[in-house]
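Only one structure is covered here, and it is reproduced in the block below.
The values are calculated or read from the model by the stated rules, or taken from the named source; none is laboratory data. In this text the structure is predicted, and so the values were computed from the model without any measurement. We place every Cβ from the backbone using ideal geometry, glycine too, and count neighbours over all the protein chains shown.
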Amino acid sequence: MIALIALLVAQSVAPDHERAHVEGTVSSSTTGAPLKKAVVTLEGDKTNANAITGEDGKFAFDVSPGDYTLKPARVGYLEAREKPVSLASGDSKTIDLKLTPQGIIAGRVVDEDGDPVTDANIGIERVLVAGDRRFPLDRDGDTVNGEGGFIFTGLKPGDYLLDASPHGRWTELPSNPLIDRYVRTWFPGVANSTTATVVHLPPGGEMRNVEIRMVKSATYHVRGKIAGDPARVSGSLVLGSGDYLASATVEKGAFEFANVPPGSYFLSSQAGTFRQLSYTLATAFVRQPVEVGDHDVDDVIVQPISPMELAGAFHLGEMKLSKPPRVNLEPLNFGRPGDNEIRAEPDANGAFHITGLPPDRFRIRIDQVPEGAYVKSVRYGSVDAGRVLDLTQGADAQLDITLAPNAAEISGTLRDRNGEPVPYWTVLLWRGVDFSESRNTASDGSFDFKNLAPGEYHLSAWDDDFSEQPEFYQLFESQSATLSVQDGAHENVEVKLIPAKQ
């Protein structure tokens, strides 16, 4: 039995003898059982339609010839990727679709006596474990309930870290080196993420008895003042390390952090300060180390750093451009990567000027490079900057970006372990630690990278989510497709999916 809801939009109806037919079954990827009440969406240039499966999990569409995508969905199952299908006149195709059941992790937070902790925040982070490293992918959080319990649903299969942080009555108590306080704790009960136990969740897995036992530590105050005019630093300061992050409001030039565990930290301007500075609402930045040992730190003097100005120029040689290129600087410490880019377009002579920059390292990206050209070099003064610009010591040189004609091009096809093309998947092109670009494959698994400088490149694609950190993809160099390209060359390559978990 098939229950259909037809939502046909802007369809040019073909005669019956020219119509095409596509049908199939939606089933669980773990059990193989057909799924009732799954919604299958068919989309194309001429037709959009939905079908709801019955007891047998089946669906069917009669449509005009064309190129379409099929996508199933059901409550309790993860979002699926689209599956392309091309239908010629009179075609009849059967395409079965799989859905992966959601994962669930539930448990509770307790104290050293096993009693529930009712005022804690709970966090869950999906990570990729590769070699001896853990690479973060995504993070979610919540507060525990009145019995210290928590539950996370809709989880993908993979590896997870769980942590609990105290709030409320524990954090409001004054710091006292003679009294240990509860601190951020990772499952099952450790104060350091590097020693935390990774929770592995198979497809559709459920873990409902996870227990995080809070850890205590001596905690201390960190107090200080803003040197000079306190109004230069607006909003809040952030004290942070890999496992700790707290903010404090600057009031009359002074600030105070309570309940800080021992450790090495950086005191920085609030992440939003960079964005505010772009609109000239802030006039200084802060980033300096703070060490917390076995006593309060009462004498931190913050030295605000004035915004910097960077001059630069594009060098185009004999090339004539209808549209100028654009330089993008992405700060690596101030603000979240990718969230606070500064962009600058050159004038008619290729010169550009950027103001309001923090003392940071920046990832450089050049956009709007004309067809057939490539970035030949990026130099900061006399130094080859590559694609990372270091302004932590100031901006006392010019950034020179040279473009050249006769760019190389790499195209190809991504295939799975059975040699079949993989549509709508991400292929990563990389060279060393400073350069990487990604493209999504088309419906036939094809991809294309243009505007490439001559040199050696690696192309990689993983069968699951991956991290774009160089430390991750360099682990897979031997499994990547590798090729060298020359000026003006057009190379073709086949790339095979790499298992993300080794």
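In table form, for the structure just shown:
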read-out	value
Subset of segment 218-270 that is without any contact (Cβ under 8 Å) to a residue 40 or more places away in the chain, among the polar types (S, T, N, Q) and over 17 Å from Asp298 (Cα atoms) - its residue that is surrounded by the most Cβ atoms within 10 Å (Cβ to Cβ)	Gln270
Qualifying position, being more than 20 Å from the chain's Cα centre (by Cα) and part of a strand (DSSP E or B), among Asn145, Asn121	Asn121
First in segment 105-122 and farther than 17 Å from Asp142 by Cβ, second anywhere and at pLDDT below 95 and assigned to a strand (DSSP E or B), Cβ under 8 Å, 6 or more apart	Asp111/Tyr182; Glu112/Lys216
Search result, residues across segment 120-157 that are under 26 Å from Lys216 (Cβ atoms) and out of contact with any strand residue (DSSP E or B) (no Cβ under 7 Å at 6 or more places or on another chain)	Asn145, Gly146
Residue selected from segment 179-195 under the condition assigned to a loop (DSSP other than H, G, I, E, B) and modelled with pLDDT of 95 or more, by the criterion surrounded by the most Cβ atoms within 10 Å (Cβ to Cβ)	Phe187
Filter result for Asp384 (of a type in the set (D, E, K, R), loosely packed, with under 15 Cβ neighbours inside 10 Å and closer than 24 Å to Leu475 by Cβ)	no
Filter result for the condition that a residue is in the same structural domain as Asp113 (by TED's automatic domain parsing) and either under 24 Å from Asp464 (Cα atoms) or modelled with pLDDT under 90 (or both), over Asp132, Asp229, Asp142	Asp132
Selected residue (only one of Ser217, Ser236 is farther than 24 Å from Ile124 by Cα and touching a strand residue (DSSP E or B) at 6+ places or on another chain (Cβ under 6 Å))	Ser236
Enumeration of residues in segment 430-447 that are within 30 Å of Glu318 (Cβ to Cβ), part of a strand (DSSP E or B) and touching a Gly at 6+ places or on another chain (Cβ under 8 Å)	Arg431, Phe435
Selection from segment 302-324 of residues that are more than 22 Å from Arg361 (Cβ to Cβ) and either in the same structural domain as Asn259 (by TED's automatic domain parsing) or crowded, with 17+ Cβ neighbours inside 10 Å (or both)	Leu316
Neighbours by Cβ (under 6 Å, 6+ apart or cross-chain): first from segment 137-149, closer than 16 Å to Ser165 by Cβ; second β-branched (Val, Ile, Thr) and surrounded by 13 or more Cβ atoms within 10 Å (Cβ to Cβ)	Asp140/Ile124; Asp142/Ile122; Val144/Val109; Val144/Ile122; Gly148/Val109; Gly148/Val117; Gly148/Thr118
Members of segment 23-58 that are acidic (Asp, Glu), modelled with pLDDT of 95 or more and in a loop (DSSP other than H, G, I, E, B)	Glu55, Asp56
Residue that is farthest from the chain's Cα centre (by Cα), among those in segment 76-104 that are of a type in the set (D, E, K, R) and assigned to a loop (DSSP other than H, G, I, E, B)	Asp91
Segment 63-85, residues that are touching a strand residue (DSSP E or B) at 6+ places or on another chain (Cβ under 8 Å) and either among the aromatic types (Phe, Trp, Tyr) or surrounded by fewer than 15 Cβ atoms within 10 Å (Cβ to Cβ) (or both)	Asp67, Tyr68, Gly76, Tyr77, Glu79, Arg81
Segment 307-324 residues that are modelled with pLDDT of 85 or more, paired with ones that are surrounded by fewer than 17 Cβ atoms within 10 Å (Cβ to Cβ) and of a type in the set (S, T, N, Q) (beta carbon under 6 Å, 6 or more apart)	Glu309/Thr355; Ala311/Gln398; Gly312/Gln398; His315/Thr402
Enumerated strands (runs of 3 or more DSSP E) restricted to segment 344-429, each holding at least 2 residues that are touching a strand residue (DSSP E or B) at 6+ places or on another chain (Cβ under 7 Å) and more than 27 Å from Ala489 (Cα to Cα)	351-357, 361-367, 388-390
Output for segment 396-412, where each listed residue is in contact (Cβ under 8 Å) with a residue 24 or more places away in the chain and surrounded by fewer than 19 Cβ atoms within 10 Å (Cβ to Cβ)	Gln398, Asp400, Thr402, Ala404, Pro405, Asn406, Glu409, Ser411
Residue within segment 478-489 that is touching a helix residue (DSSP H, G or I) at 6+ places or on another chain (Cβ under 8 Å), surrounded by 15 or more Cβ atoms within 10 Å (Cβ to Cβ) and assigned to a strand (DSSP E or B) present	no
Options Ser264, Ser268, Ser247; residue that is modelled with pLDDT of 90 or more, assigned to a strand (DSSP E or B) and either of a type outside the set (S, T, N, Q) or not assigned by TED's automatic domain parsing to the domain that holds Phe187 (or both)	Ser264
Boolean, Arg126 is of a type in the set (Lys, Arg), surrounded by 15 or more Cβ atoms within 10 Å (Cβ to Cβ), touching a Phe, Trp or Tyr at 6+ places or on another chain (Cβ under 9 Å) and farther than 26 Å from Ala73 by Cβ	no
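Let's see how each residue does on (1) within 19 Å of the chain's Cα centre (by Cα); (2) among the β-branched types (Val, Ile, Thr); (3) over 21 Å from Gly158 (Cα atoms):
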residue	(1), (2), (3)
Trp462	yes, no, no
Gln469	yes, no, no
Leu475	yes, no, no
Gln479	no, no, yes
Gly488	no, no, yes
Glu491	no, no, yes
Val495	no, yes, yes
Ala500	yes, no, no
